[in-house]
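Worksheet for the structure shown next.
Here, each number is a calculation from the coordinates, and none is a lab measurement. Nothing here was measured: the structure is a model prediction, and the numbers come from that model. For neighbour counting, all protein chains shown are included, and Cβ atoms are generated from backbone atoms with ideal geometry for every residue, glycine included.
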Amino acid sequence: MSHPFAGTIVLATSLLAATLATPAPAAAQAPAAPAHVSELQGSWVIDGYRFDPGDRSPRGTIAYDREANVFRGTYVGVKLPKQRPELHAWLYDTRAKRAEHLGRVPYRAGTVGKTKGDFELALPAAFQGGKFGGYEIVAFSAEAKGAKPAAPSGSTILPALKPAFYLYAALPGASIPQIYCGHGQDFSYTSNQDHTCFD
């Protein structure tokens, strides 16, 4: 005589076996690391500014996407001199005063309030994942039309000032102090006390 629960036991055993045999779903893919976002700072004590009503020192944001190896950013308040109308990006080592040209980024005049300039800049493969080595800041200079500069330009107002950067931000992972420049609330990032300001 068969046990009254035999069918139930067989069914439960079969379901358990099927469950154990079914491969577990792959673990959810870990979310990509968020982009590193920094504030871009700059000064208006530099070529191209006339201290008109409403003028302000330039500001912006810049984000480094480690996966794509790309800088993306926005800015307001940047004014470039007529003789140097292009905005170029650099990696810069303030200790050795060494610069690496990253390329030209779009320049938009008349940026104020909600009217912003924006850019996207792909980096060389050597910097993939944020491997910036001795470089401490990402910075932007004003260059002549069609220029292929080997080094960032200086200032015609103050020839001893070189490089003259219109925007700059500390690179991800860089340990670099802010140095007060002595005018307004402006500052630069630098580890070299002989090279305290870019503006």
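Summing +1 for each Lys or Arg and -1 for each Asp or Glu, what net charge is found among the other residues whose Cβ lies under 12 Å from the Cβ of R95?
Within the 12 Å Cβ shell, the charges total -1.
Charges at C-beta only: +1 for Lys and Arg, -1 for Asp and Glu. How large is the resulting dipole of segment 69-177 about its Cα centre, in Debye rounded to 20?
280
With label points built 7 Å along Cα→Cβ from the Cα atoms of V112 and A125, find their separation and express it in nm.
4.6
Between A150 and A63, what is the FRET efficiency for a Förster distance of 25 Å, r being their Cβ-Cβ separation, to the nearest 0.05?
Between A150 and A63 the formula returns 0.35.
Run the quick spin-label model on R98 and N192: label points 7 Å from Cα toward the beta carbon, then report their separation in nm to one decimal.
1.1
With a sphere of radius 12 Å drawn around the Cβ of A151, what net charge do the other residues whose Cβ falls strictly inside it have (Lys, Arg +1; Asp, Glu -1)?
Charge balance near A151 sits at +2.
Say each of Q178 and V37 gets a label point 7 Å from the Cα, pointing the same way as Cα to Cβ; how far apart are those two points in nm?
1.8
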